[in-house]
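Data first, discussion second: the structure below is written as structure tokens.
The values are calculated or read from the model by the stated rules, or taken from the named source; none is laboratory data. Everything quoted here is computed from the prediction, not taken from an experiment. We place every Cβ from the backbone using ideal geometry, glycine too, and count neighbours over all the protein chains shown. Ligands, DNA and RNA are excluded from the accessible area calculation, which covers all protein heavy atoms including side chains. Shrake-Rupley method; radii C 1.70, N 1.55, O 1.52, S 1.80 Å.
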Amino acid sequence: MASINELHKQLVKKERSAVEITQESLNRIEALEPKLHSFLAVTAQQALEQARAVDAKIAAGEEIGILAGIPIGIKDNMCTKGIRTTCASKILENFIPPYESTVTQKLADAGAVMVGKTNLDEFAMGSSTENSAYQTTANPWDIARVPGGSSGGSAAAVAAEECVVSLGSDTGGSIRQPASFCGVVGMKPTYGLVSRYGLVAYASSLDQIGPFGRSVEDAAILLNAIAGYDPQDSTSLKVEIPDYTANLTPDLKGKKLKIGVIKETFGEGLDPEVEAAVNKAIAQLESLGAEVQQISCPRFRYGVPSYYIIAPSEASANLARYDGVKYGARVEDADNLLSMYTRTRAMGFGTEVKRRIMIGTYALSAGYYAAYYLKAQKVRTLIKEDFENAFAQVDVLVTPTAPTTAFKAGEKITDPLSMYLNDLMTIPVNLAGLPGISVPCGFDSKGLPIGLQLIGKVLREDQLFQAAYAYEQSTDWHLQTAKI
């Protein structure tokens, strides 16, 4: 499938219609979904209506925006008015939101065509998209393997060209890790840059919506559309939004860009093939004109243990609303109110969600709050300080995106600790509220994609896109297509 810019030119020149482009996307979804399972819902009728509206504008001689007529997938934890939003959970199986999330409203206003709601780990809790209550998404590069998570459906849909771009959410790496596993670009913006209004909360101080694309430019175009202040989100930042595509140049010469390699992300636990590919990518960035140096973030390794106290604690509070009373599923034949609460939650939540609720409730309980939750927040501050010290010396930090390439479905589902370690490289970025992007940087001997993570200063997405684009354009990794 062509890029956003190429499709836009075809539409403006009337070489293709929005309906044709949308139907091509829907046909591919129909052909691949029996094997891939990227989508929980396909909104074909609405998509074609949106496409016809774009074609009508073009026929009337009206100017259309860059995203008009572009097929987009939306992770199924973003509210879509009148369209089921399940968070891949049985407890929200029949929930139809009465309002639209800010990001999906912005995309609709831009003329984008939503082709469906993508699969995820239940309530965005997971690293493999195996925790969905409905289906397990496959990796387009090898359908026996996972696409990563929790935004695995959004990543797989873009990698398999079922849609041009998609939206995911990232709490501890849920955009970047699946982007790495699926060989696409995934961007987690600065916390507060993109409105969370209408995003079903997992961990409110960590969640952030971001774009997937097959190229850095496509991801930048999508971020242009969704970034910006929203008075309906109390954590939204009131800042000027630059054009993230403005400084995309094929080299870094004269940019005086300083790149720091976080040394704690290499060594034990990192797959040798991943390490080799990432080191080669770092050398490539240096050849493009970047100044590269080693940087130490000594508390980086404590990201996983602190995250798995903070995030479950916030989840236990956020998910308390699913009690069978307010909205969502309810067990009707309970003997009393307490029985209705407990049976509804036992029936509605999956194993991983229950595990995290219990961890969080325990960490917040009397007698344990100071020992666990408060200490984890102190560690979070130390991790943030490490990043601040690093950014006093360099502009951008680099690490592998994930310690390994995509693993086989079922391989880690019964080993939560092994599963949690998939987010080793990505979690500290969320704890510090920083932007991060994963770009394809090679393949292992099994033909599975490898991702390079670039981490930026607060609100310096422009710099991240610049470095990522220069690297991308000097290689052909982003031009490789999944064999599904």
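Here are the numbers for this structure:
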quantity: Matching residues in region 245-289 - criterion: being open to solvent by less than 50 Å² (accessible area, probe 1.4 Å), among the polar types (S, T, N, Q) and assigned to a loop (DSSP other than H, G, I, E, B); calculated: Thr245, Thr249
quantity: Within region 76-101, tally of residues that are in a helix (DSSP H, G or I) and surrounded by fewer than 24 Cβ atoms within 10 Å (Cβ to Cβ); calculated: 1
quantity: Residue count for region 161-184, restricted to those that are under 24 Å from Ala31 (Cβ atoms) and of a type outside the set (Phe, Trp, Tyr); calculated: 13
quantity: Qualifying residue in region 347-356 (condition: at pLDDT 95 or above, more than 24 Å from the chain's Cα centre (by Cα) and within 29 Å of Ser418 (Cα to Cα)); calculated: no
quantity: Region 358-382, residues that are farther than 23 Å from Thr342 by Cβ and under 28 Å from the mean Cα position of the chain (by Cα); calculated: Tyr372, Tyr373, Leu374, Lys375, Ala376, Gln377, Lys378, Val379, Arg380, Thr381, Leu382
quantity: Residue in region 248-267 that is in contact (Cβ under 8 Å) with a residue 24 or more places away in the chain and in contact with a Lys or Arg (Cβ under 7 Å, 6 or more places away or on another chain) present; calculated: yes
quantity: Boolean, Tyr229 is open to solvent by 10 Å² or more (accessible area, probe 1.4 Å), outside any strand (DSSP E or B) and hydroxyl-bearing (Ser, Thr, Tyr); calculated: yes
quantity: Selection within region 97-146 - of a type in the set (A, V, I, L, M) and within 30 Å of Asn224 (Cβ to Cβ); calculated: Val103, Leu107, Ala108, Ala110, Ala112, Val113, Met114, Val115, Leu120, Ala124, Met125
quantity: Only listed residue being within 27 Å of Phe39 (Cβ to Cβ), hydroxyl-bearing (Ser, Thr, Tyr) and under 10 Å from the mean Cα position of the chain (by Cα), chosen from Ser180, Ser195, Ser215, Ser169; calculated: Ser169
quantity: Contacts under 6 angstrom Cβ, first residue in region 115-138 being on the phi > 0 side of the Ramachandran plot, partner charged (D, E, K, R) and in a loop (DSSP other than H, G, I, E, B), 6 or more apart; calculated: Thr129/Asp121
quantity: When residues of region 465-484 are limited to those that are in contact with a helix residue (DSSP H, G or I) (Cβ under 8 Å, 6 or more places away or on another chain) and part of a helix (DSSP H, G or I), the one surrounded by the fewest Cβ atoms within 10 Å (Cβ to Cβ); calculated: His478
quantity: Condition broken by Val292, with the remaining ones in (1) touching a residue at least 60 places away in the same chain (Cβ under 8 Å); (2) open to solvent by 20 Å² or more (accessible area, probe 1.4 Å); (3) in contact with a Leu (Cβ under 7 Å, 6 or more places away or on another chain) satisfied; calculated: (1)
quantity: Lone unmet requirement of (1) among the aliphatic types (A, V, I, L, M); (2) over 24 Å from Ile209 (Cβ atoms); (3) out of contact with any Leu (no Cβ under 7 Å at 6 or more places or on another chain) for Ile58; calculated: (3)
quantity: Tabulated pairs, region 412-430, first without any contact (Cβ under 8 Å) to a residue 24 or more places away in the chain, second assigned to a loop (DSSP other than H, G, I, E, B), C-beta under 7 angstrom, 6+ apart or interchain; calculated: Ser418/Lys412
quantity: Filtered residues of region 324-357 (kept if touching a residue at least 60 places away in the same chain (Cβ under 8 Å), surrounded by 17 or more Cβ atoms within 10 Å (Cβ to Cβ) and not in a loop (DSSP other than H, G, I, E, B)); calculated: Thr344, Arg345, Gly348, Glu352, Val353, Arg356
quantity: Residue that is closer than 23 Å to Ile427 by Cβ and charged (D, E, K, R), where the choices are Asp233, Asp243; calculated: Asp233
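Matching residues to (1) touching a helix residue (DSSP H, G or I) at 6+ places or on another chain (Cβ under 7 Å); (2) acidic (Asp, Glu); (3) over 26 Å from Trp477 (Cα atoms):
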site	(1), (2), (3)
Ile226	yes, no, yes
Tyr229	no, no, yes
Gln232	yes, no, yes
Glu240	no, yes, yes
Tyr244	yes, no, no
Gly254	no, no, no
Ile259	yes, no, no
Ile262	yes, no, no
Ser287	no, no, no
